[in-house]
Amino acid sequence: MELKELYELMERFRESGLAKLEIRQADMLVRMEMPRKSEIMPAARQYESAVPDRLKADDKKEETPEKSDDLFIRSPIVGTFYAAPGEGMTPYVKAGDKVRKGDTLCIVEAMKMMNEISAPYDCEILEICKGNAEPAGYDDPLFKVREI
């Protein structure tokens, strides 16, 4: 399956209203699953239609539980987190910055495509949760924020 065909399949799946889709073809498996409304985090409302497959991690990493009043801007896709537009350039944001809705916060590269992640609302960046060029999984916290 070519990349163009995969993107078309993802778009059609998103528009179909189906909850799950699995396609096996020769030695390839494509599995897509839409998040249930109860799984969508408040800080990621703009990504309700995200299509990427959830990757099931077998390693049992111990993670610190998030407080329920914490707000996070999460990765809508699996890829590589970049804090700046290029190597050696100034990061888009740093802890303590106040940003407006729509401001670019970072880039998540997925399959050689650079996806700008924007602030879903006016907020203050409390913490940057990923290091530059670090892998980001679907729904991983990228920024801890406070809505303003």
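Going down the table (LYS98/LYS130; LYS20/LYS144; LYS4/LYS130), which pairs top 22 Å between alpha carbons?
Working: LYS98/LYS130 18 Å; LYS20/LYS144 30 Å; LYS4/LYS130 30 Å.
Long pairs (Cα-Cα over 22 Å): LYS20/LYS144; LYS4/LYS130.
How much length, in nm to one decimal, is gained on full extension between MET113 and ASN132, taken as 0.36 nm per residue of separation minus their Cα-Cα distance?
Answer, rounded to one decimal: 5.2 nm.
If each residue's Cβ is checked for other Cβ atoms within 10 Å, how do ILE23, ILE125 rank with the fewest at the top?
Result, fewest neighbours first: ILE23, ILE125.
Given an 8 Å cut-off on Cα distances and at least 6 residues of separation, report the relative contact order of the stretch 86-141 as a percent.
In percent, rounded to a whole number, it is 34.
Apply the Karplus curve 6.51 cos²θ - 1.76 cosθ + 1.60, θ = phi - 60°, to the phi angles in the stretch 81-94 and return the couplings in whole Hz, x for Gly and Pro.
7, 10, 7, 10, x, x, 4, x, 8, 5, x, 4, 9, 9
Read the figures in this text as sums done on the coordinates, not as results from a lab. Every value quoted in this text rests on a predicted model; they were computed, and no experiment measured them. Positions of Cβ are backbone-derived with ideal geometry, glycine not excepted, and every protein chain shown enters the neighbour counts.
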